[in-house]
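*Asks:* Have a look at this one.
The values are calculated or read from the model by the stated rules, or taken from the named source; none is laboratory data. Bear in mind that the values here come from a model prediction, so they are computed numbers and not experimental data. In this analysis, Cβ positions are derived from the backbone assuming ideal geometry, glycine residues included, and neighbour counts consider all displayed protein chains. Ligands, DNA and RNA are stripped out before the accessible areas are found, and what is left, the full protein with its side chains, is counted by its heavy atoms. Shrake-Rupley method; radii C 1.70, N 1.55, O 1.52, S 1.80 Å.
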Amino acid sequence: MLTNLNPIQKEAVTFGDGPLLILAGAGSGKTRVLTARIAYLVREKGVAPGRILAVTFTNKAAGEIRRRLGRLIGDKANALWLGTFHSVGLRLLRKEARIAGISRDMTVYDDDNQLSLVKQVMNELNLNEKSFAPKAMLTRINQAKNENISATEFSSQASDFLFETTAKVYSLYQRRLREMNCFDFGDLICEPVRLLKENPNLLNRYRDEIQHVLVDEFQDTNRAQYEFTSLVASGARNLLVVGDPDQSIYAWRGADINNILDFNRDYPDATVVRLEQNYRSTGNILCAANSVIKYNQKRLEKNLWTENAHGDRLTLIECSDEYDEARAVISRIKTLRDEDKTLAYRDFAVFYRTNAQSRVFEETLLREGIPYAVIGGMRFYDRMEIKDAIAYLRVMSNPEDAVSLRRIINTPPRGMGPAAFEKIKSVKAESGVTLLDAVRETFARNLIGKSKAGEFIAACAAFIVNLGKTPLHELTLRLLEDSGYMLMRQDDGSEEAIERVENLFEFVSAIKDFESVNPGASLSDFLDHVALITDIDSHDESKDRLTLMTLHSAKGLEFNTVFLTGMEEGLFPHSRSSGNDEELEEERRVCYVGMTRAERRLFLSSAKTRSVYGETRYQLKSRFLEEIPGEFIETVEAQTAGFTTVGGRKEAASTAPGEPRYTTDDSQVFHYKEETYEANPASPWRVGMMVRHPSFGIGIIKDRSGAGVDTKLTINFKDAGMKKIIVKYAAIEAMG
């Protein structure tokens, strides 16, 4: 348990009682310390696992801690209160549903569900979406919940017309949520806080029950999360928080860096332990990162050091434009893999400040045939057909979920449009039944005109009757089939529809996998699992793919070699930080986080010109580059090894037999597999052209037949593979 811990780590693990702040620098082994601390409390101090609460910020981190604990304390690891803030809050609400006055079968709303409800509320209030943007309204509501400001408190603080309007939306939004027995992510923290504050006996019970509270990534907590952990830990006062102010990069979503900076003010008797030995990066990378972050004022001093080799100096690649940048980065990756055969694509990562920067890299990677994954792109569970399937299950779990019912009641078309839905709501109000039962009653009374609701009602009834008797994955497939949803997708016949059907079967497989890992789990358990999945949870390190991601998504990850791109003023640091010291310091922390993800090599790149909002702009190098001493970094011109100038164009210099050759201009000749195709001047679709499909993503045209609207294209998509597309049925977009 204490093996391989350095003396400072051992001090943190074997700490006694009282508040403890562990300042854990990047790569200093904080997960190892957290895990060992919990095991130490259980094995050496005799603390029952159920009396320990450990909170993380990602499911991935929670899963890693639980796996490690399994090796140290066995099955006892399953008895811990361990998970993300949201999963812990949800667990508490379900456990105390009776006291909270809610049903245990609550539904957790994601961003899309929230936005749908905001729009519905605005419609009820006769607010024009052109005058009041629904997304802006939702952002203000979420910000209020981050600070644990209730709708009532928010209304009392209203000081102008916009504020008052938002307060009305917030108030009705919250009322509608409760009527439907639904909660959003903010509620999963705010409601437990309210519940504990309003029920002293309940609070005292948790104060007695929870003897140790451990919080990971404490610098990323918002006000509501801080209040929650403070309340639960206020009994024994054994509050251990781990964090690093230099890695606080989520202010835009409510994180309050002052929670960690002011910890000693709130807990004057707190002990501070500094984990300063870095095990991840080379000396040069660490020294360069330290040099940058020292320019910040709002931080707690620490001196990161490493016993690792000094390693290569950082390399700044100066490029002419974003296309030159992408070619240079990918060329360097290929060179490094040629030089070191042990390196796989998964060992490399390309970071950027804004999502828009990924496009040029994706285009170039597709042309080069290099596998890649974009973290933060469309998740499997965000696909339209999967959201529909989840909505069906949510209605089965929570028959009051109006937003989910509205989504699927007329999908496939059943003559159950908005007018029919209003009649259903009227019947519900009149009869006092659930919303789902009101559908059946409305249909039975013939209050809906030419409705085909019968198969929907029968499918729902069959699901509910067999729930708990038949495996959930079988029930789900039967529901999708009996309701007509699967048939609607299958009857479409297009390539896109086939893809959607395949995704639906994959969804059923996901449920089966969940059931096998979680025997006895309920429908609510599965829906909770889906609701709490985050982007970073989809990062699969087992697949050999180059990783593309924003710097904000890179937190908590590490790679052998990192490329930090777009190091230019106005891009990174972002233009909105101009003139704002706090935002500039956060941008610098983002840079520090990106730099410290690298283990052996760190490349930085900048472009002299870049296309911004459709116009070419001259760029200045990022101030962060100037903050790195020359002894730690070397500057080179863009290395376009592998590219030569051919007839005034940049073209692949050498191509192995069977590999694609391509040009980067609008030439009418494209080379592929040693064959030449002449593009038809009358057709906008050419072999070799890059296109984007709304479902399949980005791909390259490999073959074309037919003409005009009857043109058929064979396209190799990055994620979906080879597909045949009929142009008139597909909303594909040419990308050059």
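*Asks:* Show which lysines lie in cross-link reach of residue 298 when reach means a straight Cα distance below 24 angstrom and same-chain residues fewer than eight apart are skipped.
*Replies:* 30, 555
*Asks:* Next up: Can I get the semi-axes of the chain's equivalent ellipsoid? Compute them from the C-alpha gyration tensor as square roots of 5 times the eigenvalues, in angstrom, largest first.
*Replies:* Numbers: eigenvalues 351, 313, 116 Å².
Its equivalent ellipsoid spans semi-axes of 42, 40, 24 Å.
*Asks:* Pop the C-beta distance of residue 558 and residue 735 into the FRET formula with R0 = 56 Å and round what comes out to the nearest 0.05. Before the final figure, lay out the partial values.
*Replies:* On the way: r = 32 Å, r/R0 = 0.58.
E between residue 558 and residue 735, to the nearest 0.05, is 0.95.
*Asks:* Given a 1.4 Å probe and every protein chain left where it sits, what share in percent of the accessible area of the chain is carbon and sulfur? Display every interim value, and only then the final one.
*Replies:* Values: 15370 of 32100 Å².
Of the solvent-accessible surface of the chain, carbon and sulfur hold 48 percent.
*Asks:* Using the Cα atoms as the points, what is the convex hull volume per residue of the range 115-167 in Å³? Walk me through the intermediate numbers first.
*Replies:* Details: hull volume 4.0 nm³, N = 53.
Dividing the Cα hull volume of the range 115-167 by its residue count gives 75 Å³.
*Asks:* Could you tell me the extents of the range 43-106's C-alpha atoms along the three principal axes, largest first, rounded to whole Å?
*Replies:* 39, 26, 15
*Asks:* Could you work out [θ]222 nm for the chain from helices alone, using -39500 (n - 2.57) per DSSP H run of at least four and dividing by all its residues? Round to the nearest 500 deg cm²/dmol.
*Replies:* The per-residue figure over the chain is -13000 deg cm²/dmol.
*Asks:* Another question about this same structure. Arranged from highest to lowest average of other beta-carbon atoms within 10 Å per residue, in what order do the peptides 93-105, 339-351, 31-43, 393-405 appear?
*Replies:* Per-residue mean Cβ counts within 10 Å order the peptides as 393-405, 31-43, 339-351, 93-105.
*Asks:* Over the range 144-198, one equal point on each Cα, no solvent: what is log10 I(q)/I(0) by the Debye formula at q = 0.26 Å⁻¹?
*Replies:* The Debye formula, applied to the Cα set alone, gives -1.10.
*Asks:* Rounded to the nearest whole Å², what accessible area per residue is found for the chain with the 1.4 Å probe?
*Replies:* Numbers: 32100 Å² over 736 residues.
Using a 1.4 Å probe on heavy atoms only, each residue of the chain averages 44 Å².
*Asks:* Can I ask one more? For a quick protection proxy, order the peptides 187-195, 381-389 by their average other-Cβ count within 10 Å, most packed first.
*Replies:* On the way: 187-195: 22.7, 381-389: 18.0.
The packing order, highest mean first, is 187-195, 381-389.
*Asks:* Expressed as a rounded percentage, what relative contact order does the range 439-492 have, with Cα pairs under 8 Å and six or more residues apart? Could you put the intermediate results ahead of the total?
*Replies:* Numbers: 27 pairs, mean separation 17.5, N = 54.
Computed over the range 439-492, the figure is 32 percent.
*Asks:* Moving on to the next point. Can you compute the FRET efficiency between residue 343 and residue 14 using 1/(1 + (r/R0)^6), with r the Cβ-Cβ distance and R0 = 41 Å? Round to the nearest 0.05.
*Replies:* Values: r = 39 Å, r/R0 = 0.95.
For R0 = 41 Å, the calculated efficiency reads 0.55.
*Asks:* State the dimensionless ratio Rg/Rh of the range 404-531 (Rg: radius of gyration of Cα atoms; Rh: Kirkwood radius). Please report the intermediate quantities before stating the final value.
*Replies:* Values: Rg = 16.1 Å, Rh = 16.0 Å.
Rg divided by Rh gives 1.00.
*Asks:* Give the whole-number value, in cubic angstrom per residue, of the convex hull volume spanned by the C-alpha atoms of the range 329-447. Please report the intermediate quantities before stating the final value.
*Replies:* Numbers: hull volume 19.5 nm³, N = 119.
Spread over its residues, the Cα hull of the range 329-447 gives 164 Å³ apiece.
*Asks:* Between Rg and the Kirkwood Rh of the range 1-96, both from Cα atoms, what is the Rg to Rh ratio? Mind dumping the intermediate values first?
*Replies:* On the way: Rg = 13.4 Å, Rh = 14.0 Å.
Rounded to two decimals, Rg/Rh equals 0.96.
*Asks:* Based solely on C-alpha atoms, express the radius of gyration and the Dmax of the range 67-138 in angstrom.
*Replies:* 19.3, 59
*Asks:* How do the peptides 480-489, 629-638 rank, highest first, by the average count of neighbouring beta carbon atoms within 10 Å per residue?
*Replies:* Values: 480-489: 19.5, 629-638: 13.5.
Highest mean packing first, the order is 480-489, 629-638.
*Asks:* Here's something else I'd like to know. Per residue, how much space in cubic angstrom lies within the convex hull of the C-alpha atoms of the range 542-586? Mind dumping the intermediate values first?
*Replies:* Values: hull volume 4.2 nm³, N = 45.
Spelled out: Cα convex hull of the range 542-586, divided by residues, is 93 Å³.
*Asks:* Taking the radius of gyration and the Kirkwood hydrodynamic radius from Cα positions alone, what is the Rg/Rh ratio for the range 553-624, to two decimal places?
*Replies:* Details: Rg = 13.1 Å, Rh = 13.1 Å.
Checking Rg against Rh, the ratio lands at 1.00.
*Asks:* Can I ask one more? So what's the projected area for the range 430-475, the Cα convex hull averaged over all directions, in nm²? Let's see the in-between values first.
*Replies:* Details: hull surface 15.6 nm².
Hull-based average projected area comes out at 3.9 nm².
*Asks:* Another question, then. Between the range 315-375 and the range 108-174, how many Å separate their Cα centres?
*Replies:* Here the answer is 41 Å between Cα centres.
*Asks:* Same structure, new question: Taking the inverse of the average 1/r across all pairs of different Cα atoms in the range 396-447, what Kirkwood radius in Å do you get?
*Replies:* Numbers: mean 1/r = 0.0917 Å⁻¹.
Every distinct Cα pair counted, the radius reaches 10.9 Å.
*Asks:* Pairs 76/197; 512/543; 119/543; 702/728: which exceed 28 Å Cα-Cα? Please list the in-between numbers first.
*Replies:* Details: 76/197 30 Å; 512/543 22 Å; 119/543 40 Å; 702/728 18 Å.
Long pairs (Cα-Cα over 28 Å): 76/197; 119/543.
*Asks:* Can you list, bin by bin at 10 Å, the percent of alpha carbon pairs in the range 66-193, starting at 0?
*Replies:* The distribution over the range 66-193 is 12, 37, 28, 14, 7, 2, given as percents.
*Asks:* Still on this model: Given an 8 Å cut-off on Cα distances and at least 6 residues of separation, report the relative contact order of the chain as a percent. Could you put the intermediate results ahead of the total?
*Replies:* Working: 1212 pairs, mean separation 110.7, N = 736.
Computed value for the chain: 15 percent relative contact order.
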